1. In this structure, does Asp213 turn out to be surrounded by 15 or more Cβ atoms within 10 Å (Cβ to Cβ), among the charged types (D, E, K, R) and at pLDDT below 90?
2. Looking at the stretch 33-51, which of its residues are modelled with pLDDT under 85 and open to solvent by less than 40 Å² (accessible area, probe 1.4 Å)?
3. Taking Ile62 as the residue in question, decide whether it is part of a loop (DSSP other than H, G, I, E, B), at pLDDT below 70 and either open to solvent by less than 40 Å² (accessible area, probe 1.4 Å) or in contact with a strand residue (DSSP E or B) (Cβ under 6 Å, 6 or more places away or on another chain) (or both).
4. Would you confirm, using the coordinates I've provided, whether Pro199 is over 16 Å from Gly177 (Cβ atoms), in contact (Cβ under 8 Å) with a residue 12 or more places away in the chain and not basic (Lys, Arg)?
5. From the set of residues in the stretch 108-119 that are out of contact with any Phe, Trp or Tyr (no Cβ under 7 Å at 6 or more places or on another chain) and modelled with pLDDT of 75 or more, which is most open to solvent (accessible area, probe 1.4 Å)?
6. Of all residues being among the hydroxyl-bearing types (Ser, Thr, Tyr) and part of a loop (DSSP other than H, G, I, E, B) in the stretch 218-272, which is modelled with the lowest pLDDT? Just the residue, please.
7. If I ask for residues that are among the polar types (S, T, N, Q), under 17 Å from Gly191 (Cα atoms) and touching a Gly at 6+ places or on another chain (Cβ under 9 Å), which ones from the stretch 215-244 would you list?
8. Can you work out which of the residues in the stretch 176-186 that are modelled with pLDDT of 85 or more and either out of contact with any Leu (no Cβ under 8 Å at 6 or more places or on another chain) or in a loop (DSSP other than H, G, I, E, B) (or both) is surrounded by the fewest Cβ atoms within 10 Å (Cβ to Cβ)?
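The values are calculated or read from the model by the stated rules, or taken from the named source; none is laboratory data. Since the model is a prediction, treat every value here as computed from it, not as a measurement. Methodologically, a virtual Cβ is constructed for each residue, glycine included, from the backbone with ideal geometry; neighbour enumeration extends over all protein chains shown. For accessibility, only protein heavy atoms count, side chains too; no ligands or nucleic acids. Shrake-Rupley method; radii C 1.70, N 1.55, O 1.52, S 1.80 Å.
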Amino acid sequence: MSLEWLDREVTTSAYLWRLEREDGVAIGFASHDRDLVIDGFRYRAAPGMVPSSIALSDSLDIDNVEISGVMTSAAIAEADLDAGRWDGALLYISLVDWEQSEAEPLPLICGEFGEIVRSGDSFTVEILGASSFLDEPIAPLTSPTCRAEFGDRQCKLSLHAHQREGRIITISGDEIGIDVPGGAGADFAFGSLRFLDGPNCGLSYAIVGGQGDAVRLADLPAQPVTPGARVLLTEGCNKNFATCRDRFANSINFRGEPYLPGNDLLTRYPGA
């Protein structure tokens, strides 16, 4: 990659910001006076938007970025923040020569949205860089329940085989009545409900209980839920060995130690 454009007497560089939400929506901004198209993706002009500071290092310190000035676009609505649409979003910041938009941009930082703190009309976003994953334990801790997430690469079950589409019929408190063709008897407890249309389209919510045609959500959606909205229901697992073995026939991939004695072994005594 040639970076000779960084040494010019008259700068032709512009910052690129690309934000990708978990529901597939992606938006881009450029610190330039006109839109830039890079690799077929349009970055909207936002001349006053520049990062206040970027700190990069080759050590094990976590990369930092101040982004207090980026969230000034109407594309990032207050309602979307309240609904959680930006939770876990990815942020890419790069530098590009706007005179040669076909050239490869210089990547500066990539991170994931962490905690979002609101204060009046402004808010602060914690960015989790790649080095933040170094804080995770090297070896997994033992546990009687499964440490895998249902349907991930450790569980190895196909989520598609345990998903059903349906339509919302009734709403009563935190309980939602759903018409699920072919879903009679299906256990959706500990699973998830994803809205496929309506004001909450693209958002997923954890199910704390429910079987067949009624489910209860852990958190109610921020936007109104209307009858007739299409939803995608995904079954869940309580992470117990008996459930993994008897219900899913997947005991070979169980990521737990159900028969390993715990700390309560020291308090046991004959006849207890």
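1. yes
2. Ala46, Met49, Pro51
3. Yes, satisfied.
4. yes
5. My answer is Glu112.
6. Ranking the qualifying residues of the stretch 218-272, first place goes to Tyr269.
7. Of everything in the stretch 215-244, those that are among the polar types (S, T, N, Q), under 17 Å from Gly191 (Cα atoms) and touching a Gly at 6+ places or on another chain (Cβ under 9 Å) turn out to be Thr234, Asn240.
8. Applying the filter and picking the extreme gives Asp179.
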